[in-house]
1. Hey, which of these cross-link pairs are over 26 Å Cα-Cα: Lys149/Lys215; Lys80/Lys230; Lys137/Lys215; Lys7/Lys124?
2. Is any residue of the range 1-45 close enough, with backbone N under 18 Å, to a label point placed 7 angstrom from the Cα of Lys184 along the Cα-Cβ axis, and if so, which?
3. If I take R0 = 30 Å and measure r between the Cβ atoms of Ser155 and Glu208 in this structure, what FRET efficiency does the formula 1/(1 + (r/R0)^6) give, to the nearest 0.05?
4. Using only Cα atoms, tell me the angle between helix 124-137 and the longest principal axis of the chain; keep it within 0 to 90° and round to the nearest 10.
5. Considering only Asp99, Asp24, Asp12, give the residue with the highest GNM mean-square fluctuation for the chain, with springs between Cα atoms whenever their separation is below 10 Å.
6. Kindly provide the helix-only [θ] at 222 nm of the chain, computed as the sum of -39,500 (n - 2.57) over DSSP H runs of four or more divided by all residues, to the nearest 500 deg cm²/dmol?
7. Go ahead and run the numbers for FRET between Gln105 and Lys218, Cβ-Cβ distance against an R0 of 22 Å, rounding to 0.05.
8. Report the residue, chosen from Asn85, Asn146, Asn108, that carries the largest GNM mean-square fluctuation when the chain is represented by alpha-carbon nodes joined by springs under 10 Å.
Amino acid sequence: MNNNRFKDWANDYQIFEDLIDKNDKEIQEDVAKLVKNYLPNNESIIFDAGCGTGNTAISLMKFVPNLAIILNDLDPEMIKQSKENLKPICNTCIFKEGDAISVLQDENPFDVFVSVLIIHNIAKERRRELLELAFKKLKNGGLYINGDKMIDDKSPDKFTEKYNKRIEKLSVLKEIGRDDLFEKWTQHEKEDFENLQTIEEHIKVLKEVGFVDIKFEKQLGLYSIVTAKKPWY
Ligand SMILES: C[S@@+](CC[C@H](N)C(=O)[O-])C[C@H]1O[C@@H](n2cnc3c(N)ncnc32)[C@H](O)[C@@H]1O
């Protein structure tokens, strides 16, 4: 898979949530609520891997104002947009451009690791490394939350059907005169499908890495939310 799959997407990213999949908004709110329910104290630090234009952090600010959030993204334009969106509402946000795996290496311990719709973009053979680092950098008892497109092991055929419907829905982009986006996103979605992991595969790696209290929280269309904890040592 291409390393930066979101080059030149930042300006059009919001169209997806507005026209294609309302779950892009829902998942942010659900993740933010899970973080709120977990938070050990008001001083907590969150690491948001693959922050995009800052949607997860915006939801977090709504539910838990004054949170310290480290927003990371590989794409410089995404980081620029997330700064524009967050600076007016978050004076405790820090922005870090770069590959999440490299950025995490130098990070100080944090309380919560959040990833929303990023892991499927990372080459399969590197995903474990990301989870190992998230585990290493979380404080004891820290929370891991991942919301992502993952194949439902219980009904893979139904998942494929839903996925094909999503691809069909992209034709709405042609109706608004964005044939360019239609071509680009159709190709992107097809490529995604080839690289998805199942929910059980994800949970298996979390166990192997050392996480405990692993929970499948909920499913929103093609997306699933999984949480886990770093044990107390
Ligand atoms: C589908 S967007 C999701 C953005 C945001 N989390 C949200 O939910 O709105 C995926 C984001 O992950 C970023 N990304 C992909 N691979 C990455 C990596 N290895 N390190 C950091 N960010 C990455 C992309 O640049 C893109 O902004």
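The numbers here are math on the coordinates, done by the rules we state, and not lab data. This is a predicted model, so every value here is computed, not measured. Here Cβ is always computed from backbone atoms with ideal geometry, including for glycine, and neighbour counts include all displayed protein chains.
1. Working: Lys149/Lys215 16 Å; Lys80/Lys230 32 Å; Lys137/Lys215 20 Å; Lys7/Lys124 20 Å.
Lys80/Lys230, as the Cα separations exceed 26 Å there.
2. Backbone N within reach: 2-21.
3. Numbers: r = 25 Å, r/R0 = 0.84.
So the FRET efficiency works out to roughly 0.75.
4. Computed tilt is about 30 degrees.
5. Asp12
6. Values: 9 runs with 101 residues, N = 233.
About -13000 deg cm²/dmol.
7. Details: r = 32 Å, r/R0 = 1.43.
Result of the calculation: an efficiency of 0.10.
8. Result for the chain, Cα springs under 10 Å: Asn108 fluctuates most.
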